[in-house]
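Report on one structure; see the data block that follows.
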Amino acid sequence: MQLSRPLSLFQDSMQVYPVRGSPFCTTKIQEKLLKKLGAERAFPFTFELPAGIPSSVTLQPVKSDQSSKPCGVEYCLKTYIAKDMHETPDRKQIVDLLIKKITHAPDTSAPQPYIECAKNFMMSTNPLHVEARLDKERYVHGEPIYVHITMGNQSTRAVKKLRLSVKQIANICLFSNAIYKCTVATVEHDLNVQPSQTIAQTFSIRPLLEDNRDKRGLALDGQIKSEDTNLASSTIVLPISSRDSLGIVVKYIVKIELFVLAGELKLELPFTLSHPIPEHYEEDMEPIPKQTDANTDNINVELDESAAYNNDVLTSQPDEQLLIDFQDVVLTTQDTDA
């Protein structure tokens, strides 16, 4: 489950200070930070992750295995001070920012997942006919999924039980073509649909991480430090994406199983599980330098104090040594993906 070495999927760098080119418009969040920190010491900047790169995903290890980092995709923004863009910085001059790239459900309508199937049984002239559909195609984490089933039993056998399950399918594109399938929710209902009987019922199921804490290989949204997380969001694959840059591709399906005497019928309905677009996201992020596809991805940033920034190092130095002439140095950022 662990990689023996980090694999870089995306890497880029930019100069923050002195500013090159025309200055960009700051966002409302940056304006608030400038007022709090002071324009003389704070230097706002904006960077863009290219379209098609994977979201932050981590494969859940077993609880007993805490020896190494789990397999997954994570992003780190490294900020440092140097005299040249290509100069190797001193570790004491680097501050790391962990970034969690989240997939948001597009605010567009999509057709309801629908499937119908008919199955003939031995010694039965007519088939068992089943239609199934979901109430919508896109769901947010924690939301119940409603499955509408219409069943026309023209066979000679009675339908005794219905089983609904939500399955997560994670295709690991990082180092091999491994596929992990995990059942993240299951419900069963007793039925008694006799021959020549027709029924139409709605059933619900809710996939939650709380019910799957002990499942090894389950794909989760990337974590910053020890924060809680949730099941990994469905991967939205763009046409420009290549397989090598996808990282971990996550899909979800609702599996429907109908049990009759000495037989069964199975159906599958795919759906998208994702985060909703934050209520004040567009308001807080305006104005932006240029129009981008901000509906599908969002970035959460948090300072990794343990890995980047040693308070003991800073406090042990005299105050006068901490003053830097910004006319002679270049402040750069380097964002990498491990």
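Checking the cross-link filter: which lysines have an alpha carbon closer than 27 Å to that of residue 255, excluding same-chain neighbours under 8 positions apart? Of all the lysines, those that pass the test against residue 255 - Cα under 27 Å, at least 8 places apart if same chain - are 119, 136, 160, 161, 167, 181, 215, 266. Taking each residue as 0.36 nm, the span from residue 131 to residue 210 lengthens on full extension beyond its C-alpha to C-alpha distance by 25.3 nm.
Just to confirm, what accessible area per residue do you get for region 96-240 at 1.4 Å probe, in whole Å²?
50
The value of relative contact order for region 53-170, using C-alpha pairs under 8 Å at least six residues apart, is 17 percent.
Here the relative contact order of region 106-241, from alpha carbon pairs under 8 Å that lie six or more residues apart, stands at 20 percent. Between residue 140 and residue 11, full extension at 0.36 nm per residue minus the direct alpha carbon distance yields a gain of 43.4 nm. Given points 7 Å out from each Cα along the Cα-Cβ axis, report the residue 124 to residue 108 separation in nanometres with one decimal. In this crude spin-label approximation the distance works out to 4.1 nm.
Below 12 angstrom from the Cβ of residue 261, what's the summed charge of the other residues (Lys, Arg +1; Asp, Glu -1)?
Computed value for this residue: +2.
Share of carbon and sulfur in the accessible area of region 15-61 stands at 59%, probe radius 1.4 Å. Ligands, DNA and RNA left out, the 1.4 Å accessible surface of region 79-238 is 48% carbon and sulfur atoms. Taking amide H as placed 1.01 Å from N in the peptide plane, the amide H of residue 161 sits under 5 Å from that of 191, 259, each at least 5 places away or on another chain.
Here the 3J(HN,Hα) profile of region 74-86, calculated from phi with Karplus coefficients 6.51, -1.76 and 1.60 at θ = phi - 60°, is 9, 10, 9, 9, 9, 10, 8, 10, 7, 7, 8, 4, 9 Hz, Gly and Pro shown as x.
The values are calculated or read from the model by the stated rules, or taken from the named source; none is laboratory data. In this text the structure is predicted, and so the values were computed from the model without any measurement. As a convention, Cβ positions derive from the backbone with ideal geometry for all residues, glycine included, and neighbour counts pool all protein chains shown. Ligands, DNA and RNA are excluded from the accessible area calculation, which covers all protein heavy atoms including side chains. Shrake-Rupley method; radii C 1.70, N 1.55, O 1.52, S 1.80 Å.
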